[in-house]
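Q: Quick one: this structure, given as structure tokens, is what I'll be asking you about.
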Amino acid sequence: MRIVLGVGGGIAAYKVASLLRLFTEAGHNVTVIPTEAAIRFVGVATWEALSGNPVSNSVFDDVHQVNHVRLGHEADLIVVAPATADLLARAATGQASDLLTNTLLMARGPVLFAPAMHTEMWQHAATRANVETLRSRGVAVLEPASGRLTGADSGPGRLPEPEAIFDAAMALGQGQSDYQLPLAGRTVTISAGGTREPLDPVRFLGNRSSGKQGVALAVAARNAGATVRLIAAHMDVPAPAGVEVVTVETALQLREAALTAAADSDVVIMAAAVADFRPAEISGTKIKKRDDTADPVITLVRNPDILQELVEARHAAEHQAARRHQLIVGFAAETGDSQGDVLAYAEAKLKRKGCDLLVVNHVGTDKVFGQDTNSVVILARSGAEPQLAAGSKTEVSAAVITRVSQELNHVSPRA
């Protein structure tokens, strides 16, 4: 595709360099048109180097090519990011004060705006009216993400992650004119990794979880437009950019973090491998191995059932009309035995826990933990048919997040 990438004059312009690279690496021919203010954040040399095309924001450059007409006519897709409050206002009122706004007026193909500004600007009646005007004309305007803004401010107005804008742009370019980020405006809490229960200052009881699936879920939720909180136990992979990270070690720490984060979350996904048991006592010194002493006996006690507590807390809040319905997703790492197969145990767990969805893994020493691929079955409390998702953990996460958005929006999952 021939893409025009308009860059507005906001601090988030630096993120658009990554969006440009996503476009070019996908084989698209991109012409960048920064506003004069945008060039004060990211220079022309950067846009030219990454796009491989000359960059200008003046209608008086290359006049013989009539760029202010040609670019809009030839573009298969126009993407504006960050779309500042000023740019939205100029586009809505049909102004043509620079090359970018001229190009927008001449556009024949689809147009996508990815807004970024302070919360008060985004929520101002004038900005909301401008957005509605653009949408009424068939222009796609994404909802901004929520999160940390410039300085200490936080709230809706953050530029969606480059991957999320890319996905929306590709969908729009393929004719999905009604595409919106399915989790825009939602807050999603996800736990990942494996807890570690200390025995003494150097030893712990742990598990084989790498955190790969939880991190992939965080990326998928982020790319779907959600504000993501990742509660990270021990992980072999780094946390992704663009999410809030809360680090924990033990099951009790994870419980406290999950209950706190869930209080204002629309979705809670418990993908962490949480220890069922912990040592009843923790030695303050390293347990020594001596020939003249008996083998140590370690007494274990149960850890709290965090998933069940989250469900109970949701019921209590809903009873008090304290918040709208919250979607809770559990993960079950199961093995079969002589008493039943994996799905039988999983269905019993779903009924016992009361969560909305249960993502079931058949685990083993060479399955799931630490691997880059996964195969899961998604069970629903509603009684819907089980849904199979398999492939890379990225693909599985995309399927889970799609199912979550369908449940939130009351859309029947595809067979």
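Q: Grab the strands (runs of 3 or more DSSP E) fully contained in the stretch 20-136, keeping just those with 3 or more residues being over 16 Å from ARG2 (Cβ atoms). Walk me through it before giving the result.
A: Values: elements: 29-34, 77-83, 111-115.
Filter on the stretch 20-136 gives 77-83, 111-115.
Q: With respect to GLY52, is the statement that it is in contact (Cβ under 8 Å) with a residue 40 or more places away in the chain and over 30 Å from ASP153 (Cβ atoms) true?
A: No: the conditions fail for GLY52.
Q: Check off (1) more than 30 Å from VAL297 (Cβ to Cβ); (2) in contact with a His (Cβ under 6 Å, 6 or more places away or on another chain); (3) of a type in the set (D, E, K, R) for ARG196 and give me the number that stays unchecked.
A: It fails just one condition, (1).
Q: Six or more apart or on different chains, Cβ under 9 Å: which pairs go from a residue in the stretch 268-296 that's in the same structural domain as PHE331 (by TED's automatic domain parsing) and under 15 Å from GLU249 (Cα atoms) to one that's basic (Lys, Arg) and exposed (fewer than 13 other Cβ atoms within 10 Å of the Cβ)? Could you list them?
A: ASP276/ARG302; PHE277/ARG302; ARG278/ARG302
Q: Moving on. Going residue by residue through the stretch 260-269, is there one that turns out to be out of contact with any helix residue (DSSP H, G or I) (no Cβ under 9 Å at 6 or more places or on another chain) and surrounded by 15 or more Cβ atoms within 10 Å (Cβ to Cβ)? So that I can check it myself, show each step before the final result.
A: Initially, the stretch 260-269 is screened for residues out of contact with any helix residue (DSSP H, G or I) (no Cβ under 9 Å at 6 or more places or on another chain), giving 260-261, 264-265.
Keeping just the survivors that are surrounded by 15 or more Cβ atoms within 10 Å (Cβ to Cβ) gives 261, 265.
Yes; the residues of the stretch 260-269 include at least one that is out of contact with any helix residue (DSSP H, G or I) (no Cβ under 9 Å at 6 or more places or on another chain) and surrounded by 15 or more Cβ atoms within 10 Å (Cβ to Cβ).
Q: Within the stretch 211-252, how many residues are buried (at least 22 other Cβ atoms within 10 Å of the Cβ), in a loop (DSSP other than H, G, I, E, B) and of a type in the set (Ser, Thr, Tyr)?
A: The number of residues fulfilling the criteria is 0.
Q: Out of all the residues in the stretch 395-415, which are among the β-branched types (Val, Ile, Thr) and modelled with pLDDT of 90 or more?
A: VAL396, VAL400, ILE401, THR402, VAL404
Q: If you go through the stretch 293-308 one residue at a time, do you hit one that is surrounded by 14 or more Cβ atoms within 10 Å (Cβ to Cβ), within 30 Å of TYR14 (Cα to Cα) and not aliphatic (A, V, I, L, M)?
A: The answer is no, given that none of the residues of the stretch 293-308 is surrounded by 14 or more Cβ atoms within 10 Å (Cβ to Cβ), within 30 Å of TYR14 (Cα to Cα) and not aliphatic (A, V, I, L, M).
Q: Related question: Given (1) at pLDDT 90 or above; (2) surrounded by fewer than 19 Cβ atoms within 10 Å (Cβ to Cβ); (3) not in a strand (DSSP E or B), where does GLY175 come up short, assuming only one miss?
A: (1)
Q: Additional query: If THR150 passes every condition in (1) in a loop (DSSP other than H, G, I, E, B); (2) surrounded by 19 or more Cβ atoms within 10 Å (Cβ to Cβ) but one, which one does it miss?
A: So THR150 meets the others, but not (2).
Q: Under 8 Å by Cβ, and 6 or more places apart or on different chains, what pairs join a residue from the stretch 389-402 that is acidic (Asp, Glu) with one that is modelled with pLDDT of 90 or more and not in a helix (DSSP H, G or I)?
A: GLU395/ALA389
Q: If you check GLN320 against the conditions, is it at pLDDT 85 or above and assigned by TED's automatic domain parsing to the domain that holds THR402?
A: On the way: at pLDDT 85 or above: no; assigned by TED's automatic domain parsing to the domain that holds THR402: yes.
No: the conditions fail for GLN320.
Q: Restricting to the stretch 9-18, count the residues that are surrounded by fewer than 24 Cβ atoms within 10 Å (Cβ to Cβ) and of a type in the set (A, V, I, L, M, F, W, C). Walk me through how you get there before you give the answer.
A: Quick first cut of the stretch 9-18, residues surrounded by fewer than 24 Cβ atoms within 10 Å (Cβ to Cβ) only: 9, 11, 14-15, 17-18.
Still in the running and of a type in the set (A, V, I, L, M, F, W, C): 11, 17.
Count: 2.
Q: Hey, another quick one. Given the options ALA129, ALA116, ALA96, ALA89, name the one that is surrounded by 18 or more Cβ atoms within 10 Å (Cβ to Cβ), assigned by TED's automatic domain parsing to the domain that holds THR35 and small (Gly, Ala, Ser). Break it down into steps so the answer makes sense when it comes.
A: Numbers: ALA129 fails: surrounded by 18 or more Cβ atoms within 10 Å (Cβ to Cβ); ALA96 fails: surrounded by 18 or more Cβ atoms within 10 Å (Cβ to Cβ); ALA89 fails: surrounded by 18 or more Cβ atoms within 10 Å (Cβ to Cβ).
Going through ALA129, ALA116, ALA96, ALA89 in turn, just one is surrounded by 18 or more Cβ atoms within 10 Å (Cβ to Cβ), assigned by TED's automatic domain parsing to the domain that holds THR35 and small (Gly, Ala, Ser): ALA116.
Q: Please pick out the residue among ASP341, ASP372 that is at pLDDT below 90, closer than 14 Å to ALA216 by Cα and not β-branched (Val, Ile, Thr). Outline the logic, then answer.
A: Numbers: ASP341 fails: closer than 14 Å to ALA216 by Cα.
Selected residue: ASP372, the only one of ASP341, ASP372 that is at pLDDT below 90, closer than 14 Å to ALA216 by Cα and not β-branched (Val, Ile, Thr).
Q: Out of ARG186, ARG222, ARG158, report the one residue that is modelled with pLDDT under 90, more than 12 Å from the chain's Cα centre (by Cα) and not hydrophobic (A, V, I, L, M, F, W, C).
A: On the way: ARG186 fails: more than 12 Å from the chain's Cα centre (by Cα); ARG222 fails: more than 12 Å from the chain's Cα centre (by Cα).
Unique residue meeting the criteria: ARG158.
The values are calculated or read from the model by the stated rules, or taken from the named source; none is laboratory data. Everything quoted here is computed from the prediction, not taken from an experiment. Because the Cβ atoms are built from the backbone with ideal geometry, glycine has one as well, and the counts that use them run over all protein chains shown.
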